[in-house]
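One structure is given below, encoded as structure tokens.
The values are calculated or read from the model by the stated rules, or taken from the named source; none is laboratory data. Quantities reported herein were computed from a predicted structural model and do not represent experimental measurements. Positions of Cβ are backbone-derived with ideal geometry, glycine not excepted, and every protein chain shown enters the neighbour counts. Ligands, DNA and RNA are excluded from the accessible area calculation, which covers all protein heavy atoms including side chains. Shrake-Rupley method; radii C 1.70, N 1.55, O 1.52, S 1.80 Å.
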Amino acid sequence: MEGAVMVGRGPTGAGVLVLSILVITLTTEGCRAQKGDGCGPTVLGPSSGTLSSLGYPATYPNNTVCEWEITVPPGGRVHFCFAELDIEDRDCQVNYLRLYNSIGPGRTEIAKYCGLNMKLDHLIESTGNQVTVQFMSGMHRTGRGFYLSYSTVEHTDLITCLHKGSDFPEAEFSKYCPAGCLTSTEEISGTIPNGYRESSPLCLAAIHAGVVSNAVGGRINVVSSKGIPLYEGTLANNVMSTGGSLSNSLFTFRTNGCYGTLGLESGGVADIQISASSVWEWNNMAGQHSMWAPSGVRLKKAGLPWAPSRCDQQQWLQVDLKRQKRITGIITTGSTLREYQYYISTYRVLYSQDGQQWLCYKEANSTQDMVFKGNINYLHEVRNNFIPPMEARYVRINPTQWHQRIAVKLELLGCQVATTRRTMEPRMFPNPRLMPARPATTKRPRMIGKTTPPPDIRNTTMPPHTNKDAALAAVLVPVLVMVVMALILLVVCAWHCRSRKKSSEGTYDLPHWNRTDWWKSMKQLLPSKMVEADDSVRYCSSEVGRITARGAVSRLHAEPAEYAQPLVSGVTTLGARSTFKPDEGPDPGYSDPDLYDAPISPDVYHAYAEPLPATGAEYATPIVVDMGCHPSGVQPSTGGGFSSGGPTQLSAQTDSCQSGRSAYDTPKNAAAGQGAPTGDITYQVPQGAELKRGGR
């Protein structure tokens, strides 16, 4: 009897392989065998498989040989896909890998390979349904050996166990995974349904997700999407996934959707539907009674799990699903109690239709009972999938190995069995004329004390057929309404902004809440005439000349104003708190156009209003300057507040150079037409201020 070596992969936190040797009985459809001392982890499936050199991915040993004989169903052919080829030799005389068509003495060579880090991107195809693979090793120092996959030629999209999600940029794609990818030493990160990190090998992740079987392989449909911040690590189908951090993208698999829970956790399965071979009961030192009943088997339920009274391989836990279901997987955990760290490490699954005749679940292409890898601690969940799924009403869990004591909580995965509709046969209605008449006095007796059994209601609801035009209208109408509302809102906002702009013309674009204060501050810089009549005051230089020639002595009077006003005549110095800044003056030789009709001589200085004292009148007192011109040799009196270097006098005039109303009041102790005032000059307070004081 010929056989093949199959490997299983347990939890590998440090990347350590745990090999379990299983002998596969050959079927009439194919013959798969290996021989020699240089064979590495290998799975030879009926239509696909994986081969590797001994010690891969480490250096293969010296002076070894291995041959694999592969046979696929008649009429088929085989093609190979290399994941890695790293054999030390230049002329392929001592170390090499050789492929042959057929098996036995009549085989013919397909190709011979050797060399370090060789890349073979194309598929190597045979001419028949039988192939021999031969690996020879002599003396060498380096080289990792080889790692390849094979399948029948109809799977043109065959990939290896080392291809990762990042190797395919498509958003959705379909590939064929070979059998035996548990031989890979690569690690995956993530789980279903959240997805796997893009750096994870596709086929190994597919085994972890329960999409394909390690013994058979199969097609995977992959969907890529944006990555997530954290990837969860779990143990499933003998593959341990590790946790991972944020990545740019992830991938997941499209399935038939038959992975829902079957009611243990949610309570859909009643306690009466769960039974066991025995129950562990005991009393503690405090006299408290503890029962590890079958009802405690529900996953994620607080409390004690199920535990039998004896720990042997004859114990079982049974679940009655009330009707036939398609069962695709099982999730188990230990006691979940720190003080009772019990769990089962391996178990078998049996199923039945009537609860009397039981069958043990077997892996595809095998006659041996499937032994599932259970938990590795008392707390974390472990998932195993049934490929192919089983259809049954009754399910039993039979522990074969455990830690300290048998204890388990579980949940079954699957869905309802798809039922075919019954064909409607035509019903024959008898002719009422041929039927005998029923007596009028005949009455049906009442069924007292009996209840009608509930009908077996099946979910026959079909999704309503929606018209495409109606669905399109349901989407477009809200969108159009939102667009129209947005346009109306935009027009209203534009009209409002335009109205505000028109109302703010002439206000120098200042906010409306600051315009009053701004106007009051500007009135300090303007003469009272300008404030009252909005006319600019000009000073005529010709009139100034006439006044100087006549030697007339005139004083500049100020009308009662609300704010201090600047004088035309200059002063030699300004106070420390002057409210006006003196002009810096133009450069020499530069004639600056001024608001005045003629420039003022350099010996005349501009006067500025003195600042208001801290404790004084509410408004600044107007400054009155003696603008009279004295003849040569006559000095003005020193009693005034200002002194000039020469005979100078100015007079405020209108644009027509006519003498207007005096701009300032005369001092109270000075007579009109007099020369320079003598003594202290007392100036009259503005009328507005007097009025305010009088009011107070």
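Working note: Karplus 6.51/-1.76/1.60 with θ = phi - 60° gives the range 123-134 the couplings 8, 9, 10, 8, 9, x, 8, 10, 9, 10, 10, 10 Hz, where Gly and Pro are set to x. Between residue 323 and residue 479, residue separation times 0.36 nm minus the direct Cα-Cα distance comes to 51.3 nm. Bin all alpha-carbon pair distances of the range 245-346 at 5 Å intervals from 0 and give each bin's fraction as a whole percent. P(r) over the range 245-346, rounded to whole percents: 2, 10, 16, 21, 16, 13, 8, 6, 4, 3, 1, 0.
Quick one: with all protein chains in place, what share of the accessible area of the range 164-257 is carbon or sulfur, to the nearest percent (1.4 Å probe)? Before the final figure, lay out the partial values.
Working: 1750 of 3590 Å².
About 49 percent, which is the carbon plus sulfur part of the accessible surface.
Considering only beta bridges that DSSP places wholly inside the range 313-402, some 100 percent are antiparallel. Over all distinct Cα-Cα pairs of the range 124-261, the Kirkwood formula returns a hydrodynamic radius of 16.2 Å.
Note on residue 310 and residue 291: their simple-model spin labels are 2.2 nm apart, each label 7 Å out from Cα toward Cβ. Computed over protein heavy atoms with a 1.4 Å probe, the carbon and sulfur contribution to the accessible area of the range 305-412 reaches 43%.
When Lys and Arg each count +1 and Asp and Glu each count -1, what net charge do the other residues less than 12 Å away from residue 320, Cβ to Cβ, add up to? Local charge sum for residue 320: +3. Between the beta carbons of residue 400 and residue 248, assuming R0 = 51 Å, the FRET efficiency works out to 0.75 to the nearest 0.05. The mean accessible area for residues of the range 269-420, using a 1.4 Å probe and ignoring ligands and nucleic acids, is 48 Å² per residue.
Remark: the range 238-250, residue by residue, has Karplus-estimated 3J(HN,Hα) of 6, 10, 9, 9, 9, x, x, 8, 4, 9, 5, 8, 9 Hz, where x stands for each Gly or Pro and the curve is 6.51 cos²θ - 1.76 cosθ + 1.60 at θ = phi - 60°.
Find out how many positive minus negative residues lie around residue 246, taking Lys and Arg as positive, Asp and Glu as negative, among other residues whose Cβ is under 12 Å from that of residue 246.
Details: positive: 197, 226; negative: 198.
Here the count lands on +1.
First compute the accessible area of the range 46-123 with a 1.4 Å probe, then give the percent of it belonging to carbon and sulfur atoms.
Carbon-and-sulfur percentage of accessible area, whole number: 49.
Treating r as the C-beta distance of residue 93 and residue 156 and R0 as 41 Å, the FRET efficiency rounds to 0.75. Within the shell defined by Cβ-Cβ distances under 12 Å, the residues around residue 86 carry a net charge of -1, with Lys and Arg each +1 and Asp and Glu each -1.
Based on the Cβ-Cβ distance from residue 266 to residue 230, what FRET efficiency comes out when R0 is 41 Å, to the nearest 0.05? The partial results should precede the final answer.
Numbers: r = 27 Å, r/R0 = 0.65.
Working from the Cβ atoms, E equals 0.95.
Put simply, the amide H of residue 276, placed in the peptide plane, has neighbours under 5 Å in 318, leaving out anything fewer than 5 places away on its chain.
Entry comment: accessible area of the range 138-196 is 38 Å² per residue, from protein heavy atoms only and a probe of 1.4 Å.
Subtracting the Cα-Cα distance of residue 281 and residue 377 from 0.36 nm times their residue separation leaves 32.3 nm of extension gain. Available extension along the chain between residue 359 and residue 501 is 42.3 nm, counting 0.36 nm per residue and deducting the alpha carbon span.
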